[in-house]
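Written out below as structure tokens is the structure these notes cover.
The values are calculated or read from the model by the stated rules, or taken from the named source; none is laboratory data. No experiment lies behind these values; they were computed from the predicted model shown. With ideal geometry, Cβ positions are generated from the backbone for all residues, glycine too; neighbour counts draw on all protein chains shown. Side chains included, ligands, DNA and RNA excluded: accessible areas come from the protein's heavy atoms. Shrake-Rupley method; radii C 1.70, N 1.55, O 1.52, S 1.80 Å.
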Amino acid sequence: MGTWGRLIANEILDMLYPPGLYCNCCGKITDDSRTYGLCNDCMRDIKWVSGRICTKCGKVMSETDPGEVCFYCRSHEHYFDRGYACAEYGMHEKNLLYELKYASRGDIGLAMGEIIYDRMAAEFGEDGLALTYDLVIPIPIHKRRKNTRGFNQAELIAKDFSERSGLAMDAKLLVRTKETGAMKGLGPAERRSNIQGAFGIMNGRERLVQGARILIIDDIFTTGATLDEAAAVLKDAGASRVDFCVFASGADYLIV
Ligand SMILES: [Zn+2]
Ligand SMILES: [Zn+2]
């Protein structure tokens, strides 16, 4: 095929390939068989969690760290029981989260649901998940923010996870009672006070929490202030176990 022929072929490819067939992360053309909608390069470059992880918050730890839990968890108490993460927060992870939140790429939320499902199934086994948890809850965003963005990204992820795992999701049980300022640039203590009192249990759903083993789903974990506050509210309401799984966990430089 000559140059022109290739040009025409590319034109036709562009017409045939809807946006969903571009890599979710870098935008390169892929085909629909790609795992998580990622091209080979991004699949390779995403820092999938492996090796030694903190047995409390799920962050990756250095091989030389002698502890069971990370440095941060050694000096800070958490209300959640146990956290899991799929990837370490870096450039690729930032791209994906940005596209999801600010480019309204809901399809990326579904891919993250699949990623979280694979991570948790690897941990507990496909059948083990249903034996471990009673309920899946996404971290809610404030109504006003949801109206502006059009969706709650954690709810999209949790919905896909719920469908794959068969675990029931309740996106209305935990409510955001207070609109909070951005967490970006805040230290751990400021983050805690920023988020304090931001969650409540929906009237009439209190009994669903009693004795329940809950898995919270969110997009990112940084210091854990948000997940701790949500876990504290659920524990106060009688939850027997509150774990979480996030897509990415790591340093604090995301626009929230
Ligand atoms: Zn890519
Ligand atoms: Zn930790």
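Couple of notes before you dig in:
- Residue in region 38-48 that is open to solvent by 20 Å² or more (accessible area, probe 1.4 Å), assigned to a loop (DSSP other than H, G, I, E, B) and out of contact with any Leu (no Cβ under 8 Å at 6 or more places or on another chain) present: yes
- From Cys86, Cys25, residue being within 16 Å of the chain's Cα centre (by Cα) and either part of a loop (DSSP other than H, G, I, E, B) or not assigned by TED's automatic domain parsing to the domain that holds Phe161 (or both): Cys25
- In region 50-75, residue most open to solvent (accessible area, probe 1.4 Å) [restricted to those that are in a helix (DSSP H, G or I) and not charged (D, E, K, R)]: Phe71
- Filter result for Tyr84 (more than 16 Å from ligand 1 (Cβ to nearest atom), at pLDDT 95 or above and either among the hydroxyl-bearing types (Ser, Thr, Tyr) or under 30 Å from Ser240 (Cα atoms) (or both)): yes
- Among the residues making up region 131-149, those that are more than 16 Å from Ala231 (Cα to Cα), out of contact with any helix residue (DSSP H, G or I) (no Cβ under 6 Å at 6 or more places or on another chain) and open to solvent by less than 60 Å² (accessible area, probe 1.4 Å) are His142, Arg149.
- Residue identified as among the basic types (Lys, Arg), modelled with pLDDT of 95 or more and either open to solvent by 10 Å² or more (accessible area, probe 1.4 Å) or on the phi < 0 side of the Ramachandran plot (or both) among Arg105, Arg119: Arg119
- Any hit, region 2-19, residues being within 16 Å of ligand 1 (Cβ to nearest atom), outside the structural domain of Asp236 (by TED's automatic domain parsing) and at pLDDT 90 or above: no
- Per the listing Ile216, Ile201, Ile195, the residue uniquely in contact with a strand residue (DSSP E or B) (Cβ under 6 Å, 6 or more places away or on another chain) and in the same structural domain as Met112 (by TED's automatic domain parsing) is Ile216.
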